[in-house]
Amino acid sequence: MTMESSLKPLVSIIMGSSSDLPIMEQTAAVLSELNVPYEMTVVSAHRTPERMVEHASAAAERGLKVIVAGAGGAAHLPGMTASLTTLPVIGVPIHSSNSIDGWDSVLSILQMPSGVPVATVALDGGKNAGILAAQIVATSHPEIAERMTAFKAAMKEKVMDSISVVENHRIAK
Ligand code: RP5
């Protein structure tokens with residue numbers, strides 16, 4: 001497992017293939033921005049099933065608080081991981097090379113049976129998965145909650161700054 005920092009990871013980012021990295025690194029980037037310790041690795045539900053069982057079953061006792069799992073096509077990794085742990089699992093559907101149009105990835109992750117939830121974000125929603133993971137961790141880490149507050153304030157400021165730009169925009173005739 002690759003560690004972002006020497007701090008004990010609170011979030012585990014897993015993906016079915018290294019080809020998912022361009023989306024899943026957006027999860028890593030936002031966690032890094034919010035200073036939430038994470039680890040990131042490849043766990044394939046179909047190609048390394050034993051590794052998936054090992055990772056999910058040990059996750060809680062390793063001190064992790066949330067798992068973010070990304071996969072595309074027949075995207076079984078988030079759901080199967082959720083079946084093996086009591087930690088919250090956030091699923092990131094990926095429009096991958098084996099995905100028909102992205103809906104297959106979304107529905108494979110979204111339509112879980114009753115009793116085994118996966119918090120599914122939008123297609124290719126790696127960034128929102130990271131924000132949601134940080135918000136979950138923030139419920140028991142006040143310093144992360146403070147950074148979440150600053151993060152939201154910065155977003156608001158950006159939008160507020162854009163208002164005058166839009167209102168003063170003139171269409172060239
Ligand atoms: C899924 O199949 C992976 O999560 C990935 O999104 C997709 C394609 O994998 P590769 O063929 O690129 O390894 O299991």
#### Entry: the range 34-61 residues near the modelled THR86 label - backbone nitrogen below 15 Å, point 7 Å along Cα→Cβ
57-61
### Message
Once R0 is set to 30 Å, what does the formula 1/(1 + (r/R0)^6) return for the Cβ-Cβ distance between GLN135 and MET160, expressed as a FRET efficiency to the nearest 0.05?
### Response
0.85
### Message
Students often check this: by mean Cβ neighbours within 10 Å, which of 99-110, 19-30, 50-61 ranks highest, and how do the rest follow?
### Response
19-30, 99-110, 50-61
### Message
Once you place label points 7 Å from the Cα toward the Cβ at GLU167 and PHE151, how far apart are they in nm?
### Response
3.0
## Note on the structure
Given unit charges at Cβ for Lys, Arg (+) and Asp, Glu (-), the dipole magnitude of the chain about its Cα centre in debye, nearest 20, is 280
### Task
Of the DSSP beta bridges with both residues in the chain, give the percent that are antiparallel, rounding to the nearest 5.
10
### Summary
When the charge dipole of the chain is computed with +1 at the Cβ of Lys and Arg and -1 at the Cβ of Asp and Glu, the Cα pointing farthest to the positive end, of PRO9, GLY102, MET148, is that of MET148
### Query
Mean projection of the alpha-carbon convex hull of the chain over all orientations, in nm²?
12.6
### Estimated FRET transfer efficiency when R0 is 30 angstrom, pair SER18-GLN111 (beta carbons, to 0.05)
0.70
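We did not get these values from a lab; they are worked out from the coordinates using the rules stated. Keep in mind the model is a prediction, meaning the values are calculated, not measured. When we count neighbours, we look across all protein chains shown, and the Cβ atoms used for this are built from the backbone with ideal geometry, even at glycine.
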